[in-house]
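Below you'll find the structure, written out as structure tokens, and then a few comments.
The values are calculated or read from the model by the stated rules, or taken from the named source; none is laboratory data. Just so it is clear, the structure is predicted and the values come from calculations on it, not from any experiment. Positions of Cβ are generated from backbone atoms using ideal geometry, with glycine treated the same way; all protein chains shown enter the neighbour counts. Accessible surface areas use protein heavy atoms only, side chains included; no ligands, DNA or RNA. Shrake-Rupley method; radii C 1.70, N 1.55, O 1.52, S 1.80 Å.
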Amino acid sequence: MRVQIHLRAEKLTNLARGKYLGRRSSPYCTIVSKSENTNTNSTKVLGRTEVIHANTFPHFTKSVIIEYDEEVAWTHLKITIRDCRALRSIIGRGGQRRRRSRDDGEEEQQRIARKPFFGLGGIHNNTDDHDDNSNYCSDNDPIMGEVDVEVGELLKSDNGKEQKFELSTGGTLFVFVTESIQGTDRGVLDCQIRGLDVKNIESGLLGLGAVDPYFVISKKENDTKKGTTRHYDVYRSEHVHDIINPFWKPFQIDLERLCNNDVHKQLKITVWDQQDRGEDRWLGEKDTTVAEMMRHVAKRGNADRESALRVEARSEKGDKIDLRALLVILKADVISANRKMKMANEGSVVICSGRFDTVGVMIENDESSR
């Protein structure tokens, strides 16, 4: 079966040059398979996460999917966290800021801000049409920590789906492994979202400032052994500067990574206000599914408030609800992954005819192009 590995870390040791000037490391993870024969050093790179700029509490959106043979008793992986040194020369100073999560639990209160760096979506967004790190990562990047894990042990552990590993170099790595395909919906979500009436909590000079909003899509995972629920980030938009009605860039993400091939799987869209200094500020959130997003595609233009999803904030007692933003779904189409690649190569327009389920996800298709 295919399994999906999600990674996050806390309190990593800062290896950045100029750390005494306030600079921080830009971590990414590499997962390699290790040979069962201990007399050899045979390894194979299975995947990398995105680089998260200037952050020692990273939550990686890009999961790594591998094939796991349940009949094989030994599937050994090495997970290495490195500090990307090439990225700073491209981006310069700045970075992602820590923030508090709305999730329950003391550990979750340590979740951090993920500040998107404008114009470089390919570095940190979970797109599937290129290698996010090929131009930035190197085996010469300093190691921030590494652990050895065995997939079968993680899947069968009595301690729950997410395992905690203390790093000898300082900090903690959390590894979550789950069955990757949990539904029958296949394809790539082609989506674009616009924000409307984002609550302006930015005072600015003379009260003329505006928020710098971005959104994060996360998927809900229940850990029945621990009796806990956690959300794992799967996509993060760029932030748009000084605006309350932002247009975010279109994006595409494979359904397997987004929702484990189940368009009814619970997702959460969280809107944040990016801060250059200090913690990014939580604005509100909306529980949804891919199916709901497809049903709520705007019908009356890019300011269709009637079809928009409501981003809300509840009081601690839950007795008050404050509308923080409207999310207008400009498009939410599921296309064939193979067809997506062919479209990119040929620049063609897809004409699809076939059988769709009740939310518009293609079950069978007969495609042509022109």
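Using the Cα gyration tensor of the range 212-338, with a ≥ b ≥ c the square roots of its eigenvalues, what is the shape: rounded (a/c below 1.5), prolate (a/b larger than b/c) or oblate (neither)?
On the way: a/c = 1.40, a/b = 1.04, b/c = 1.34.
Rounded, since a/c falls under 1.5.
Kindly flag which residue pairs out of LYS226/LYS286; LYS44/LYS265; LYS19/LYS199; LYS11/LYS320 have an alpha-carbon separation exceeding 30 Å in this structure. Write down the numbers at each step before the final one.
On the way: LYS226/LYS286 25 Å; LYS44/LYS265 32 Å; LYS19/LYS199 35 Å; LYS11/LYS320 35 Å.
In this structure, LYS44/LYS265; LYS19/LYS199; LYS11/LYS320 exceed 30 Å between Cα atoms.
Karplus-derived 3J(HN,Hα) values for the range 235-251, using 6.51 cos²θ - 1.76 cosθ + 1.60 with θ = phi - 60°, are 7, 9, 7, 6, 8, 10, 6, 6, 7, 10, 10, x, 9, 8, 5, x, 8 Hz; glycine and proline are entered as x.
Taking every protein chain into account, the 1.4 Å probe leaves ARG257 with about 40 Å² of accessible area, to the nearest ten.
Here the range 140-180 is assigned +1 on the Cβ of each Lys and Arg and -1 on the Cβ of each Asp and Glu. Its dipole about the Cα centre then comes out at about 140 debye.
Whole-Hz Karplus values for the range 139-149 come out as 5, 8, 4, x, 7, 8, x, 7, 9, 9, 10 Hz, taken residue by residue from phi with 6.51 cos²θ - 1.76 cosθ + 1.60 and θ = phi - 60°; glycine and proline positions read x.
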